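Shown next, in structure tokens, is the structure this report addresses.
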Amino acid sequence: MVAALLGKPVEDLTVGDLQAMDTEKCEGLFNQIEAMPEAERQRAYAHCKGLYAQWGLALKQGELEVGRTELGAEQLNHARRRLQDAVDGLEHGQAAQDMLERVGDLIGRINNKAQVVEAEKNLVQGIRAEIITLATAAAGQAQLAVPFPTPASPQEPWDAHMDAFYRDKPDLAAGTMASHQQAFREFGELFPGKTLGDVTKGDVKAFCDHLRDRPINRAGRNAMSRDTIVKLVGHLRGYFAWTVSAGYLTANPAEGVQPRAETRDERMSRDKRRAFTPAELTKLFDSPLFTGYYHPKKRSQPGRLGYRDEPFWFFAIALLTGARTEEIADLPAEFVDVGGIPCFDFRHASKTAAGPRLVPVLPDLWRMGLRQWAESQQRRGLGMVKGPEGSDDWSKWSNRYLANVELKAPGLVTYSLRHTFRQALRGADLHEEIVNKVFGHEGKTVGAGYGRDLAPSEAKLVIERVKAPVALDHLFIMGLG
């Protein structure tokens with residue numbers, strides 16, 4: 001809070017500042033302090049009070065120095081210097097005394113205010129203490145009036161309290177009720193005769209594994225999905241949590257137990273994301289981001305801006321490398337030479353053991369000006385793309401852009417560009433091992449996991465055979481290639 005009369009914060013005022021003020025300025029300072037918030041006002045009062053004490057001390061010291069003028073000759077020079085210092089500090093002797101009286105009045109008002117605040121604080125503390133006393137007494141009476149449930153008997157079946165559990169959940173939908181009943185039935189069949197007190201985390205984990213490994217006969221599946229297992233175990237966890245809250249158990253045996261993670265094949269089989277169609281790709285690369293946008297924060301609106309920065313290159317690289325969002329976000333601006341063929345270096349980030357890889361730069365990217373962009377990023381000490389408008393969340397930004405240009409359809413997301421590139425690799429008549437090396441998937445054939453680095457001849461085949469799914473000529477810069 002700045003003291004406008006003096007042009008500095010109140011906490012920076014000095015004794016000299018107070019000595020320089022007349023009565024009008026002092027009154028203005030007091031009014032300004034009164035207008036401050038409570039915490040700041042108290043600090044300002046304390047600071048002014050300290051200055052007043054220093055000023056009074058200076059006056060006393062001055063009087064002491066005057067009294068010492070009768071000292072012996074051997075102390076005369078020293079006393080003269082001290083006296084001169086005191087006189088210099090009291091140039092306006094009578095005016096200073098008047099000001100001290102005014103400041104003294106100010107301090108008195110400060111003290112009165114402090115006493116009021118202290119009284120209010122004591123009142124609040126007294127009320128708080130009374131509330132605590134009443135609450136403690138009420139809690140003690142409640143404990144006497146309401147008996148705790150009887151702990152589980154060692155011989156009590158684990159599902160003995162199922163009816164009470166359902167009574168506490170009267171709004172369960174029919175489908176949810178059926179799902180709960182399935183979970184409890186399957187657990188009971190796996191552990192017949194199990195008592196409530198004997199259920200362990202190991203039992204719950206064994207239940208997870210049982211559901212995971214048991215074959216089923218459903219359309220398109222021969223095993224229960226992990227999502228279904230998580231749901232069923234969640235019902236079991238909910239029941240045991242209820243028994244803890246009701247006092248029948250002291251700990252939830254299902255707490256923290258999770259089923260096994262999915263395999264890569266299982267994840268791929270349930271991946272509902274799809275590739276872009278040629279029409280959708282054309283719409284994307286004819287959108288304002290590539291043909292002219294209105295503003296850096298409104299790239300989906302047509303305009304005259306055509307600067308090719310991070311968002312432009314993010315989509316172009318995603319289409320022509322099949323890289324994952326996080327891989328592009330961490331992509332260095334330098335290339336790796338493989339037999340004279342520049343490659344993107346995706347060895348820095350990976351979700352799978354087969355993920356680290358080199359991907360040859362396709363000619364279309366050179367024609368768009370990738371080399372010049374990469375060199376400018378290197379000079380600035382940046383990666384290939386630093387993030388949309390300062391953010392690293394490319395997935396969220398790019399999916400929002402797709403929606404803004406009306407590319408909204410089931411299964412169509414930024415990750416769909418990876419599926420699109422996969423189709424381009426398969427359509428290029430390349431050996432499966434080369435496809436796996438470039439795409440970042442482990443091959444299924446014997447020996448496919450060996451020699452993952454691209455050979456120069458393989459890199460050459462990639463740039464010669466792999467083509468963009470749609471024409472990108474309108475993005476080429478004349479003279480580049």
Residue identified as surrounded by fewer than 22 Cβ atoms within 10 Å (Cβ to Cβ) and under 21 Å from Ala459 (Cβ atoms) among Ile341, Ile328: Ile341
Cβ-Cβ under 9 Å pairs, at least 6 apart or on other chains, the stretch 321-337 side on the phi > 0 side of the Ramachandran plot, far side charged (D, E, K, R): Gly322/Arg418; Gly322/Arg422
Filter pass, Ser398 being exposed (fewer than 13 other Cβ atoms within 10 Å of the Cβ), in the same structural domain as Arg324 (by TED's automatic domain parsing) and at pLDDT 90 or above: no
Filter result for the condition that a residue is of a type in the set (D, E, K, R) and closer than 28 Å to Gln155 by Cα, over Asp213, Asp227, Asp171, Asp209: Asp209
The stretch 305-332: number of residues that are in contact with a His (Cβ under 9 Å, 6 or more places away or on another chain) and either aliphatic (A, V, I, L, M) or assigned to a helix (DSSP H, G or I) (or both): 3
Residue in the stretch 289-296 that is assigned to a loop (DSSP other than H, G, I, E, B) and closer than 27 Å to Ala409 by Cα present: yes
In the stretch 192-225, residue modelled with the lowest pLDDT [restricted to those that are hydrophobic (A, V, I, L, M, F, W, C) and crowded, with 17+ Cβ neighbours inside 10 Å]: Met224
Per-region count, the stretch 27-45, residues outside any helix (DSSP H, G or I) and either in contact (Cβ under 8 Å) with a residue 60 or more places away in the chain or under 16 Å from Lys8 (Cβ atoms) (or both): 1
Residue in the stretch 259-274 that is part of a helix (DSSP H, G or I) and surrounded by 16 or more Cβ atoms within 10 Å (Cβ to Cβ) present: no
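Considering Tyr248, Tyr239, which residue is surrounded by 15 or more Cβ atoms within 10 Å (Cβ to Cβ) and outside any helix (DSSP H, G or I)? Spell out the reasoning first.
Working: Tyr239 fails: outside any helix (DSSP H, G or I).
Checking each option against the conditions leaves just Tyr248.
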Filter result for the condition that a residue is surrounded by 14 or more Cβ atoms within 10 Å (Cβ to Cβ), at pLDDT 95 or above, out of contact with any Gly (no Cβ under 8 Å at 6 or more places or on another chain) and more than 30 Å from Pro302 (Cβ to Cβ), over Val466, Val435: Val466
Residues of the stretch 377-394 satisfying the condition of being in a helix (DSSP H, G or I) and either modelled with pLDDT under 85 or not basic (Lys, Arg) (or both): Gln377, Gln378, Pro388, Glu389, Gly390, Trp394
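The values are calculated or read from the model by the stated rules, or taken from the named source; none is laboratory data. Quantities reported herein were computed from a predicted structural model and do not represent experimental measurements. All Cβ positions, even for glycine, are placed from backbone atoms using ideal geometry, and neighbour counts span all protein chains on display.
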